[in-house]
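Each remark here refers to the structure printed beneath this line.
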Amino acid sequence: MNAKTLLIGASLAATIASGAHAGILTISYDVTASNFINFLDPGTGTPPVDPVIEDFTVSFDPSVSTGPTSVGLNISSFNLPYSSEFTYAPGPGDVLTVATYPGIDEFTDLTDSYGVFVYSPLQSTSGGYFVYTDSTGTLWYTNDTNITSTSAVPEPSTWAMILLGFAGLGFAGRHWQRKGTVAA
């Protein structure tokens, strides 16, 4: 293989790769939050539910801001009776918010609602916190939140590009093998 062919192949690969993007990710989270405190009056009252457990799967494009929406959100289990939507804000301080009324990293309703805030949601270990309000408007807050990402599944076009790359490597290897046989 000469340098010209190698240069053309590298240019073509770079052109194809520059058009690729992260695509839609589907990530499942297991959230357990416990040791809630009364945010406005610490040390008083007993939270109605402690611990709070929520398992959900969310599908979104990590390259753009998303929501608030319930499209792409599947709550598989949750021990609070609240509805859910999500938002996602990409960037250096990226945050995924799943809440009754999500704003980007803010809790906006003060009665019968909740919010779980996942920082760096594309990492295998994510930090965050959980808040919820009961029917009296008491705001229950905890930093004792265990957030576990259980899967991240790339979209089908990503798998197609991976398979195309392997096929190209196989073709190139076979080409070199044949060329070496002819020369011998």
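The table that follows gives values for the structure above.
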read-out: Options 82, 29: the member that is open to solvent by less than 40 Å² (accessible area, probe 1.4 Å), touching a Phe, Trp or Tyr at 6+ places or on another chain (Cβ under 9 Å), within 13 Å of residue 115 (Cα to Cα) and modelled with pLDDT of 80 or more; value: 82
read-out: Residue match in segment 65-79 (condition: in contact (Cβ under 8 Å) with a residue 60 or more places away in the chain, exposed (fewer than 14 other Cβ atoms within 10 Å of the Cβ) and closer than 16 Å to residue 114 by Cα); value: no
read-out: In segment 135-148, residue nearest to the chain's Cα centre (by Cα) [restricted to those that are farther than 11 Å from residue 36 by Cα and crowded, with 17+ Cβ neighbours inside 10 Å]; value: 147
read-out: Scope segment 121-137; condition at pLDDT 85 or above and within 18 Å of residue 88 (Cα to Cα); matching residues; value: 121, 128, 129, 130, 131
read-out: Residues within segment 53-76 that are hydroxyl-bearing (Ser, Thr, Tyr) and under 15 Å from residue 101 (Cα atoms), tallied; value: 3
read-out: Considering residues of segment 158-184 that are exposed (fewer than 12 other Cβ atoms within 10 Å of the Cβ) and of a type in the set (S, T, N, Q) only, the residue modelled with the lowest pLDDT; value: 181
read-out: Candidate set: segment 46-61, residues that are over 13 Å from the mean Cα position of the chain (by Cα) and more than 17 Å from residue 83 (Cα to Cα); chosen: the one least open to solvent (accessible area, probe 1.4 Å); value: 47
read-out: Selection within segment 34-93 - in a loop (DSSP other than H, G, I, E, B) and of a type in the set (Val, Ile, Thr); value: 44, 46, 49, 64, 71
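The values are calculated or read from the model by the stated rules, or taken from the named source; none is laboratory data. What you see is a predicted model, and the numbers here were worked out from it, not measured in a lab. Here Cβ is always computed from backbone atoms with ideal geometry, including for glycine, and neighbour counts include all displayed protein chains. SASA here: full protein model, heavy atoms, side chains in, ligands and nucleic acids out. Shrake-Rupley method; radii C 1.70, N 1.55, O 1.52, S 1.80 Å.
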